[in-house]
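Just below is one structure, and these are the notes that go with it.
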Amino acid sequence: MVHIERSSRFASEHEILTSLLQQLGEDVLRPPRDVLKLRSELRNRLANGQDEDEPELLLVLDGLDECIDWPHDGRLSTLRELGKRVRCLVSISGGESEAHAWRERLGWNGVDAHVVEIAPVSPAAAESRGVPSGADASAHLALGGASVASMLAFAEPSWVRPVSAEALARALIDLRRLRDRLGEEVERCRSLTPNLAAALVRCAAAQGAAATLGDAEPWASPDADLVTPRLDADAARALSLVALAAEVSPSPRAGVLEKAFELADRTGAQWSSPSALIAVAEAAEGERRIRIARAALDVARRSDGGDAPRELVAAAGLLPEEEAQEIAAEAIARAGGAPPVLVSVPGVSEASAVALERASRSLPAPQRIRVLARLLAGLPAAARARAVQEIERSWAPWCFENEAEAAAVAPYLTEPLLERALEEVPVWPVHALGARLVSLGREDEARALVLRWAGSSAGYQADALLRLGERLPPGRRPEKEIKALIEELAPEERCNSIKEHPSASVAILGAEAALRIVEDCNELSGSYVRIVALARLARALPEPMRAEAARRAVLAFEAGGADADALGDLCEAAPWMSPADAARLLSTCLFDASGSPSLAGVFQGWASLTQLAGVLRRAGGEEAVLAASDEVAIAGRWLHKMALSQRDQ
């Protein structure tokens, strides 16, 4: 049971779903995941129902009309489908018309509604429950079909005033009505206009700012920290501007980047992490690049986080050669020479790789060759050849401590080294060694190797042969064998094979067959797999078929309740979406699918403007991207005055 009241914690859909999952015994990660993920998890849990040996389940949502952001579209309702032995009771305030409206919002057709009259409260109690004048303005505008422009006042700092929890809750209701109004406009458009793109970003920024203010509770304490979230938002805005700049032509790109540079110059030295400064520096040139990289260096030196050595290495690659080598040596000292702390896999830029290769020459051989393994892909050809020779000289059994390092070395193994590595399977990754055998013309050995370690499972064997097939030339691929193995799999397993190996599946099974296998995966539990498989096929199919795969991916995403886990792959398919599909995806996900509901989360992270930049470009073209960048620039007004006041105090 959840009791919903705007003056309490449980006033948002996110909190309601989290509470229900926890009461059902499900683990809910902290910090909370995005609301789209919560919807998907709870929907699956309820649709599966209760077994005969389990007690019947009754959900009670008391006062659901108090929820500030329950979706209006019944297709998104978590409670739309209830399985066996699962029932739900919802209470709201109102009459028959309100009950009918809520039946539609819940996705319930033919469900009984009972009106229970309650004696009126005393005048004093009624007065205490009154709302300030103007609190229903957004409802009047929304119901009256007001234009988006007339409702944008709800996305202004002067309206979202954090004087109390109740005031902020009312502002969030207004913003949700604005967001729903924007969604209606997006549904009608064939492509995203610049004004509509700007309005979406402005509304999302207001929602993110309200979430940040709700966490800080400045009305409850004069010591509430608003400076830190404002600086985090500045860093996130800079990252989103860099991402947006990549989506426009060179002439306007300079103007968008200038906004990012200004942010870095103004507050970058105070950012908590150097990663945003490094990204901004990479987009800069000449002296400006060096200046911003040195600012990133200062931030990395102050950081006590585990990523600091890697960030020092990244900053080193943006600085003059001699200075870069000194910083790489500093990173090695800070990491204690530990390769995973210094370099993630895949590796680093060429300049960083060169600096770290030189600075790591004094390391003991076991550490040195592990660092080299992680640098091989980034080194220039001559330096890479020398590094491979050094690895060969220093080779010892089991010298690489994890699969990532071994896989990084595998493409460069000489035949003598390859023979040694084959003796250390399965510590050495089988598929990486198989690929190297193929590149050396030893295809039969590669096939025998991967099948030996795949075992007897049809799924594992199909996976092994598809991986190998990606490396083999046409005519040499085990097509009949793979097709026979695929036939043995359940629909969701087949779909998963396509998801994991889209290019090989298209090449070996054929484009039409690959698409048909994915479409045959209709199980509720396979919706994520199907969405991702379609999105990846959009990049692997012949050009005439890519738009259809992207269209089906978006439709599957919408029909499956917008599973946010699939968003990363969907964004990669943006170039083949229709502008209308891309606009709907942007409208559905921006901020609402974020796992970090905050002002910074609007611009950086999952479902942020940074991630959705390519979708925005596809939805509305260059003009929409530029309009959004203008909104990013002015979003600094959120939290600004309050943070300055706090600093002065």
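The angle between the Cα long axis of helix 443-454 and the main principal axis of the chain comes to about 50°, on a 0 to 90 degree scale. Normalising the average separation of contacting C-alpha pairs (under 8 angstrom, six or more residues apart) by the number of residues puts the relative contact order of the chain at 16 percent.
Where [x] 191; [y] 168; [z] 226 are the candidate values, the label of the one calculated here for volume of the Cα convex hull per residue in Å³ is [x]. Backbone geometry of segment 622-634 corresponds, through the Karplus equation with coefficients 6.51, -1.76 and 1.60 at θ = phi - 60°, to 3J(HN,Hα) couplings of 4, 5, 5, 5, 5, 5, 5, 5, 5, 5, 4, 5, 8 Hz, x marking Gly and Pro. Remark on the chain: Cys67, Cys88, Cys189, Cys203, Cys399, Cys571, Cys589 stand apart, with no other cysteine beta carbon under 4.7 Å.
Distance between the 7 Å Cα→Cβ label points at Arg637 and Asp62: 4.2 nm. For segment 2-119, what class follows from the C-alpha gyration tensor (a ≥ b ≥ c being the square roots of its eigenvalues): rounded when a/c is under 1.5, otherwise prolate if a/b is larger than b/c, else oblate? Because a/c hits 1.5 or more and a/b fails to exceed b/c, segment 2-119 counts as oblate. Relative to the longest principal axis of the Cα atoms of the chain, helix 350-359 runs at roughly 60 degrees.
The phi-based Karplus calculation (6.51 cos²θ - 1.76 cosθ + 1.60; θ = phi - 60°) puts the 3J(HN,Hα) values of segment 286-295 at x, 5, 5, 4, 5, 5, 5, 5, 5, 5 Hz, whole numbers, x for Gly and Pro. Subtracting the Cα-Cα distance of Glu117 and Tyr460 from 0.36 nm times their residue separation leaves 117.2 nm of extension gain.
Axis of helix 381-394 versus longest Cα principal axis of the chain: the two differ by about 70°, to the nearest ten degrees. Ranking of Ser275, Ser497, Ser503, Ser629 by neighbouring Cβ atoms within 10 Å, starting from the fewest: Ser503, Ser275, Ser497, Ser629.
Using a simple spin-label model with pseudo-atoms 7 Å out from Cα toward Cβ, Val425 and Asp223 lie 6.2 nm apart. Comparing Cα centroids, segment 429-493 and segment 528-607 end up 30 angstrom apart.
Neighbour counts of other Cβ atoms within 10 Å put Val506, Val602, Val518, Val348 in the fewest-to-most order Val506, Val348, Val518, Val602. Helical runs (DSSP H, four residues minimum) scored at -39500 (n - 2.57) apiece and divided by the length of the chain put the mean residue ellipticity at 222 nm at -18500 deg cm²/dmol.
Per the Debye calculation on segment 189-268 with a single equal scatterer at every Cα and no solvent contribution, log₁₀ I(q)/I(0) for q = 0.13, 0.16, 0.27 Å⁻¹ amounts to -0.55, -0.77, -1.24. Treating r as the C-beta distance of Asp53 and Arg291 and R0 as 51 Å, the FRET efficiency rounds to 0.15. Say a paramagnetic label sat at a point 7 Å from the Cα of Glu479, along Cα to Cβ; which residues of segment 535-579 have their backbone N under 14 Å from it? Zone members listed by number: none at all.
Amide H contacts under 5 Å for Val60: Val2, Leu89, restricted to partners 5 or more places along the chain or on a different chain, H placed in the peptide plane at 1.01 Å from N. Fewest neighbouring Cβ atoms within 10 Å first, the residues Met1, Met151, Met545, Met577 line up as Met1, Met545, Met151, Met577. Centre-to-centre, using Cα atoms only, segment 163-215 and segment 341-368 are separated by 46 Å. The trypsin sites (Lys or Arg not before Pro) of segment 489-544 include none that meets both criteria, a DSSP state outside H, G, I, E and B (loop) and at most 12 other C-beta atoms within 10 angstrom of the site's C-beta. When each of the peptides 237-249, 475-487, 66-78 is scored by how many other beta carbons lie within 10 Å of its residues on average, the order from highest to lowest is 237-249, 66-78, 475-487. Couplings for segment 267-281, taken from phi via the Karplus curve 6.51 cos²θ - 1.76 cosθ + 1.60 with θ = phi - 60°, read 10, x, 4, 9, 5, 7, 10, x, 4, 5, 4, 5, 5, 5, 4 Hz in order; Gly and Pro are left as x. The listed peptides 611-617, 465-471, 57-63, ordered by packing as a protection proxy, come out as 611-617, 465-471, 57-63 (highest mean of other Cβ atoms within 10 Å first). Under conditions of 37 °C and 0.692 mPa s, segment 354-431 yields 262 µm² s⁻¹ as its translational diffusion coefficient, taking Rh as the Kirkwood radius over Cα pairs in the Stokes-Einstein equation.
Taking all Cα pairs closer than 8 Å and separated by 6 or more residues, the relative contact order of segment 2-119 comes to 27 percent.
Taken together, the values in this text are just the output of simple stated rules run on the coordinates, not laboratory data. Treat the numbers as computed from the prediction; the structure is a model and nothing was measured. Please note: Cβ atoms are built from the backbone with ideal geometry, for glycine as well, and neighbour counts cover all protein chains shown.
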